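The values are calculated or read from the model by the stated rules, or taken from the named source; none is laboratory data. Quick caveat: nothing in here was measured; it's all calculated off a predicted structure. Neighbour counts run over all protein chains shown; Cβ positions are idealised from the backbone, glycine included. Ligands, DNA and RNA are stripped out before the accessible areas are found, and what is left, the full protein with its side chains, is counted by its heavy atoms. Shrake-Rupley method; radii C 1.70, N 1.55, O 1.52, S 1.80 Å.
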Amino acid sequence: MWDFLTRKLNFKASVGQQLFTNQWEFSLADLESYAKEGYSQNPTIYACISLIADAFASIPLKVKVGDEFKPDHPLQQILDQPNPDEGGVEFRTAAASWLLLTGNCFTEKLKVTSDKMELWNWQPYQMSIGYAKGHRIPLRYAFAKGTDHARFWDVDKITGESNMLHWRRFNPSPSQSGMGLAPLSAGAASADQMNAASKWRYNTFKNNAAPSGVLSTEQNIDATKKKALEEDLRKNQQGAKNAREIMLLGGGLKWQQVAMSPQDMDWLQGTKLLAQEIASVYRVPTQLLGIEGSQTYANFAEAKIAFYTQAVLPLMDLYVSEINRFLGSDFEGATVCYQSEDIEALEPLRAEKRAELLRTDVLTINEKRELLGYEPREEGEADMLFVQPNDIPLDDTFADDEDEADASEE
């Protein structure tokens, strides 16, 4: 029966085998180009992914059983040391980076012995998902399908449990329903234009940091002489090593320098807009990237708060939900969680909330001391509520004369 199902599996190709964009000159044809041209060659994309991944991985994960934290729980040990080669921070940095780069992250649960487990991240480059026709739960995950070093992970068709965790971004594409959508796909145009602009600036720098000029003559030059002249100019005049060298021309040749036009200057300024567009895809405030003239928030602290609430914490919530689903059957009763109190960047929000609570009259002295982290007082008054001495019930302000007269007769 399983052999029959295996033959009927419909494998959804990974996003790495799909075109990143096919209408731009610097299009990325596969996922490796995604990483090379998008992450390795674009400073804005690299900065956005690194900022989010590093902040994400720095938030401590904790194991809770009931209402009590268990720092010595076996699950906590796995979170702190997922495998012999990576610590918890490095492991989660890689996991978040893969998700932010490709929209997918594949994590294997490797049971070394009956009481020892390891977690490993797999590169999404050659991952694919096998579906039986008409089924929404995968039947198999595959790595390098069709090669001699292929690996497979089966999925329980009833419970969906597997030794491979696939957590991903939402993808509306009907042809890629099982794979996540890479955030870079939304910023493909901006990324391609930024890479093109970087190459243009680099080539301009090689030409003495100025656009090329025009070499003219009234004589007729055949193709052979023209090619030799071009090669001589490239060798002896172009490039950083030949900057500011004297140009010696003969044979009636004249050099006319072409200055940078206002249109060229506007195009260079446009790269700032492209960087802002990429930052908006990753929901990273531009202040954190050092983009000039893009002060959306009043100060750096506000930008950090927006960064965590918009970019980091939603990613953390997704990860905690998926890791609990993945490891729940192995550690029954234990759940993975995090505390916002461990995030230093959110301290202004906590301070504002504490100040608001301390100003109220609905908390006792000991309750307020607990908010500040102080020990409770033993006096009985410390557990009482106090009100302003001039405060009276609202009904007393509307007592009519007859009520007051009746009260005086009594």
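What whole number of Å gives the distance from the Cα centroid of the range 297-338 to the Cα centroid of the range 78-100? If you average the Cα positions of each part, the centres end up 15 Å apart.
The Cα center of the range 157-173 and the Cα center of the range 101-132 differ in position by 11 Å. Annotation: Ile158 carries an accessible surface of approximately 130 Å², with a 1.4 Å probe and no ligand, DNA or RNA atoms counted.
Ranking of Lys304, Lys133, Lys111 by solvent-accessible surface, largest first: Lys133, Lys111, Lys304 (1.4 Å probe, protein heavy atoms only, all chains present).
Simple point charges give the picture: +1 on the Cβ of Lys and Arg, -1 on the Cβ of Asp and Glu, and for the range 281-353 a dipole about the Cα centre of about 220 debye. Checked against a 31 Å cut-off, the cross-linked pairs Lys145/Lys304; Lys109/Lys145; Lys226/Lys272; Lys62/Lys353; Lys272/Lys304; Lys36/Lys145 give Cα-Cα distances beyond that limit for Lys145/Lys304; Lys226/Lys272. With all protein chains in place and ligands, DNA and RNA left out, the 1.4 Å accessible area ranks Met117, Met384 as Met384, Met117, largest first. Each other residue within a Cβ distance under 13 Å of Asn366 adds +1 if Lys or Arg and -1 if Asp or Glu, for a net charge of -4. With a cut-off of 12 Å between beta carbons, the residues surrounding Lys225 carry a summed charge of -2, where Lys and Arg count +1 and Asp and Glu -1. When the GluC sites (Glu not before Pro) in the range 354-385 are filtered for DSSP coil states and for at most 14 other beta-carbon atoms within 10 Å of their beta-carbon, the remaining sites are Glu378, Glu379.
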